[in-house]
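Derivation of every value follows stated rules applied to the coordinates shown; laboratory data play no part. Just so it is clear, the structure is predicted and the values come from calculations on it, not from any experiment. All Cβ positions, even for glycine, are placed from backbone atoms using ideal geometry, and neighbour counts span all protein chains on display.
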Amino acid sequence: MIIKTLLYIPVVLSLVVLGAHFMRYGDTILVVGAVALIALLFVRQPWVARLIQIVLILGALEWVRTLYELLQTRIALGEPYGRMLIILGSVATVTACSALVFQSKALKGIYGLEQSAD
């Protein structure tokens, strides 16, 4: 039971950080969407798992886009960018990898994603 609960940590943290990112830019609808997706984790349906996986992949792409824009700005201004590159690159990687949690045997069972061997 504890292991199953721990599997949700990277997913929830990724959605919280993504929500904070959207809040920083004043996009209230996407903030509410991120919070709603956390609540949706309690709905044990296959479409929920797939929806959250898609959102996490799109979230990782948003981090890469943000990283690219900030990198271009810092290079143009002659500012240091190494630490930012590491941090945002790590956040993008963790967000993308969070989508893989739903491929675990435990969560496949919880969300009914297991294929029958017919």
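Annotations
- Against the chain, whose longest principal axis is taken from its Cα atoms, helix 82-98 shows a tilt of about 20°.
- Order of 22, 42 - criterion: other Cβ atoms within 10 Å of each residue's Cβ, fewest first: 42, 22
- Expected 222 nm ellipticity per residue - DSSP helices of 4 or more, -39500 (n - 2.57), all of the chain, to 500: -26500 deg cm²/dmol
- Each Lys or Arg adds one and each Asp or Glu takes one away; over the other residues whose Cβ falls under 13 Å from the Cβ of residue 107, this sums to +4.
- Local charge for residue 85 was computed over the other residues whose Cβ lies under 15 Å away, with Lys and Arg +1 and Asp and Glu -1, and equals +1.
- Residue with peak Gaussian network fluctuation, the chain [Cα springs, cutoff 10 Å], from 107, 56, 71: 71
- Top of 72, 53, 45 by mean-square fluctuation, Gaussian network on the chain, Cα under 10 Å: 72
- Net dipole in debye of the chain [+1 Lys, Arg Cβ; -1 Asp, Glu Cβ; about Cα centre; nearest 20]: 220 debye
- Ordering 1, 84 from the fewest to the most neighbouring beta carbons within 10 Å gives 1, 84.
- Alpha-carbon centroid distance for the pair segment 87-113 / segment 1-43, whole angstrom: 12 Å
- If you take all other residues with their beta carbon under 13 Å from the beta carbon of residue 66, and give Lys and Arg +1 and Asp and Glu -1, the sum is 0.
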